[in-house]
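Undergrad: Next up is a structure, given as structure tokens.
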Amino acid sequence: FVHRNQANQSNKVTFILLDFSEYPQLQLPQFLVFLTIYTVTLLGNLGMILIMKSSSRLHTPRYFFLSHLSFIDSCYSTVVTPMLLENLVVEDRTISFTGCLIQFFFVCIFVVTETFLLAVMAYDQFMAVCNPLIYAVVMSQKLCSLWLSALYSWSIACSLIYTYVLSRLSFCGTKFINNFVCEHAAIVAISCSDPYINQEIILVSATFNEVSSLMIIRASYVFIFITVLRMLSTGGCHKVFSTCASHLTTITIFHGTILFLYCVPNSRSSSLMVKVASVFYTVVIPMLNPVIYSLRNKDVKKSVKKLFNIKLFCDKM
């Protein structure tokens, strides 16, 4: 009865996202910047998916995972950025308790999915460099699809748990969320009930996800670097390093930002710093990934040139 009463009270709660309201004079520049970033994010990621689907040379496990990374980034940005843009041009920044939980649920899905997808991509690099003779057998299309299914299932399960324990908290009246997104720490901070159990469950689960994915990435790249150092061909070494550089850059930016946001004590002392870091990993990183992979990837560049040449030829005909 107590839980039911708390749920009824929470359903009547209204949240107000403060965004960057402390800088009203910068709302229009912020709107234009975020609109540009969102446009580039969608065009870049959807363009990457189109290129990988249309080019036969990119029908490999590596680009199969990369296309899903682009899909996740597109969805991730779409869950967060449109609401941010809306709140920058309207005075009413309210969001219902249910709407906040829905946004939180989808954000968790895409964060957890990207966390483990980067680990799977590191393992794929390890198999390609260290075990090239059995790479085609181990990284078969069927097995890659099974891995992705397991990855999406795990992320949905985690998100359901996170959202459920968050929904058990009680809220009363109108609450101000000092962020532009329904993020866990910001929601817990305005709860009227004791969040200890909630925080412990999410802390243990999130720590497991972060540590396990980083262990897979670290082990994969340790073996890759050992194999590269044993190579006699300088050209072969350069090619491997060039291939891995894009992935390592993405890993460093994504995990580095998350670790800074949640593990560095100084970041908690400044609400502005937390907002900036949140903007970076929810809005900016989805835009950077297609740029990183396209600029440093010769296969992608060749596929883009081929598509443009085919289009030009068809226009002349």
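Undergrad: In what sequence, highest mean first, do 51-59, 275-283 appear when ranked by Cβ atoms within 10 angstrom? Please report the intermediate quantities before stating the final value.
TA: Values: 51-59: 15.2, 275-283: 19.4.
So the peptides 51-59, 275-283, ranked by packing, come out 275-283, 51-59.
Undergrad: Amide H to amide H, which residues 5 or more places from S193 or on other chains are under 5 Å from it, using H placed in the peptide plane?
TA: Amide H to amide H, under 5 Å and 5 or more residues apart or across chains, S193 pairs with S170.
Undergrad: Between L85 and C172, what length comes free when the chain is fully extended (0.36 nm per residue of separation minus the Cα-Cα distance, one decimal in nm)? Spell out each step's value before the answer.
TA: Values: separation 87, 0.36 × 87 = 31.32 nm, distance 2.72 nm.
That pair, L85 and C172, stretches by 28.6 nm at full extension.
Undergrad: Using the Karplus equation 6.51 cos²θ - 1.76 cosθ + 1.60 (θ = phi - 60°), what ³J(HN,Hα) coupling, rounded to whole Hz, does each residue of the stretch 92-103 give in order, writing x for Gly and Pro?
TA: My calculation for the stretch 92-103 gives 7, 9, 6, 8, 6, 4, 5, x, 5, 5, 5, 4 Hz in order.
Undergrad: Sticking with the crude label model, points 7 Å out along Cα→Cβ, report the distance from S145 to L203 in nm, one decimal please.
TA: Between S145 and L203, the label points sit 4.2 nm apart.
Undergrad: Using a Förster distance of 45 angstrom, determine the FRET efficiency expected from the C-beta separation of L28 and V138, and round it to 0.05.
TA: Efficiency, rounded to the nearest 0.05: 0.30.
Undergrad: Whole number in Å², please: accessible area per residue of the stretch 110-250, 1.4 Å probe, ligands, DNA and RNA not counted.
TA: Values: 7020 Å² over 141 residues.
Ligands and nucleic acids excluded, the figure is 50 Å² per residue.
Undergrad: Same structure again: Need one value: the accessible area of I251 in square angstrom, 1.4 angstrom probe, rounded to the nearest 10.
TA: The value for I251 is about 10 Å².
Undergrad: Given R₀ = 25 Å, FRET efficiency for I102-V211 by Cβ-Cβ distance, to 0.05? Before the final figure, lay out each step's value.
TA: Values: r = 28 Å, r/R0 = 1.13.
It comes to 0.35.
Undergrad: Using a 7 Å offset from the Cα along the Cα-to-Cβ direction at both I156 and F225, what is the distance between the two label points in nm, to one decimal?
TA: 3.8
Undergrad: Shifting gears a bit: Going by average Cβ density within 10 Å per residue, which order do the peptides 73-86, 203-216, 32-45, 109-122 take, highest to lowest? Don't skip to the end; give the middle numbers.
TA: On the way: 73-86: 19.9, 203-216: 14.6, 32-45: 17.1, 109-122: 22.4.
Those peptides, ordered most packed to least, come out 109-122, 73-86, 32-45, 203-216.
Undergrad: Ok, one more. Taking H placed 1.01 Å from N in the peptide plane, check which residues at least 5 places from N179 or on another chain put their amide H under 5 Å from its amide H.
TA: Result for N179 returns L18, D19.
Undergrad: Still on this model: Given the C-alpha atoms of the stretch 94-227, compute the convex hull and give its volume per residue in Å³. All intermediate terms of the calculation are to be shown ahead of the outcome.
TA: On the way: hull volume 14.6 nm³, N = 134.
Enclosed volume per residue, from the Cα hull, is 109 Å³.
The values are calculated or read from the model by the stated rules, or taken from the named source; none is laboratory data. No experiment lies behind these values; they were computed from the predicted model shown. Ideal geometry is used to build each Cβ from the backbone, glycine not excepted, and the neighbour counts take in all protein chains shown. Quick note on the areas: whole protein, heavy atoms, side chains included, nothing else; ligands and nucleic acids left out. Shrake-Rupley method; radii C 1.70, N 1.55, O 1.52, S 1.80 Å.
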